[in-house]
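To keep things clear, I will list the structure first and then write my remarks on it.
The values are calculated or read from the model by the stated rules, or taken from the named source; none is laboratory data. What you see is a predicted model, and the numbers here were worked out from it, not measured in a lab. Cβ atoms come from the backbone with ideal geometry, glycine included; neighbour counts cover every protein chain shown. These area figures cover heavy atoms from the full protein model, side chains too; ligands, DNA and RNA do not enter into them. Shrake-Rupley method; radii C 1.70, N 1.55, O 1.52, S 1.80 Å.
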Amino acid sequence: MAQETTIQMIPAHQIVPGNNDRTTFDPIKLAELASSIQQNGLAQPLTVRPYGGGFQIVAGERRYRAMTDILHHKAVPCLVRNLSDEMAASVMLAENTARQELGPLDEARAYDARMTQYDWSVDDVAQIAGVSIDLVQRRLRLLTLIPEAQRLLTSGNLGIGHAECLTRLDSNRQISALRILQASTQALTIAAFRAICQQLYDQQCQDGLFSLEAFWTAQVPPDEPLPTRGKRAVTGA
């Protein structure tokens, strides 16, 4: 995967964003980054690749936004690499996770997108992102959260530990758990909330057993005579 690279000052108007895993850019942190660049210079150039007559950002969109939107630079130093879509996705994922620039849900979507688009395994994702397999699996489970839970997690009103407790529950029980959490007069610790979710999960499993019993009961015609011969014979013993 070694690529020939060159650093160039590229006019800002020739650069377009890539398929960034990050979906939100905190304006306060962006302003802090711009201030740091203004005072200390750019520590690391953007990574871009040739794209449609110009260049596409592979890594460094925050730096690009800080330099162009806030500092109004007309040109940006870039490391130019000839990368395929999959190689660009690898570079972006590795940089984002190394810098811890992604929120938990953005991270989960980034992993899921690469597994879907490039047929990566969980092991592949973990190795390229430089994280543990367990972390990848826990992040992917966040995608099972109901929209309300996802919004709370993204906004910071639901902690990652509490969110992970919800992932085994179906939609209705996630709603119940969130109501319990929000109705609590004191903040529930992760341990306390996990115990509540465990009770809801146990109830969910019991409901599943009852549903299965009802399903198989319905498969037996009520007027079918019981067999008296053969392997299925009912002898009354």
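Of note:
- Looking across segment 31-85, the residues that are under 26 Å from the mean Cα position of the chain (by Cα), surrounded by 14 or more Cβ atoms within 10 Å (Cβ to Cβ) and assigned to a helix (DSSP H, G or I) come down to Leu33, Glu61, Arg62, Arg63, Tyr64, Arg65, Ala66.
- Odd one out for Ala129, checked against (1) closer than 22 Å to Arg99 by Cβ; (2) out of contact with any Ser or Thr (no Cβ under 6 Å at 6 or more places or on another chain): (2)
- Enumeration of residues in segment 185-202 that are farther than 20 Å from Ser171 by Cα and among the polar types (S, T, N, Q): Thr185, Gln186, Thr189
- Failed criterion for Ser155 (all others in (1) at pLDDT below 95; (2) open to solvent by less than 30 Å² (accessible area, probe 1.4 Å); (3) closer than 14 Å to Leu105 by Cβ hold): (2)
- Single residue of segment 129-142 satisfying the filter (open to solvent by less than 60 Å² (accessible area, probe 1.4 Å) and part of a helix (DSSP H, G or I)) that is farthest from Gly161 (Cα to Cα): Ala129
- Total residues in segment 163-188 satisfying the condition of being farther than 21 Å from Gln206 by Cβ, assigned to a loop (DSSP other than H, G, I, E, B) and open to solvent by less than 50 Å² (accessible area, probe 1.4 Å): the figure is 2.
- The set of residues from segment 1-17 being over 17 Å from Lys74 (Cβ atoms) and modelled with pLDDT of 90 or more comprises just one member, Pro17.
- Verdict on Leu105 being closer than 24 Å to Leu30 by Cα, in a helix (DSSP H, G or I) and in contact with a His (Cβ under 9 Å, 6 or more places away or on another chain): no
- Residues that are crowded, with 16+ Cβ neighbours inside 10 Å and among the charged types (D, E, K, R) within segment 109-123 comprise Arg109, Asp112, Arg114, listed in sequence order.
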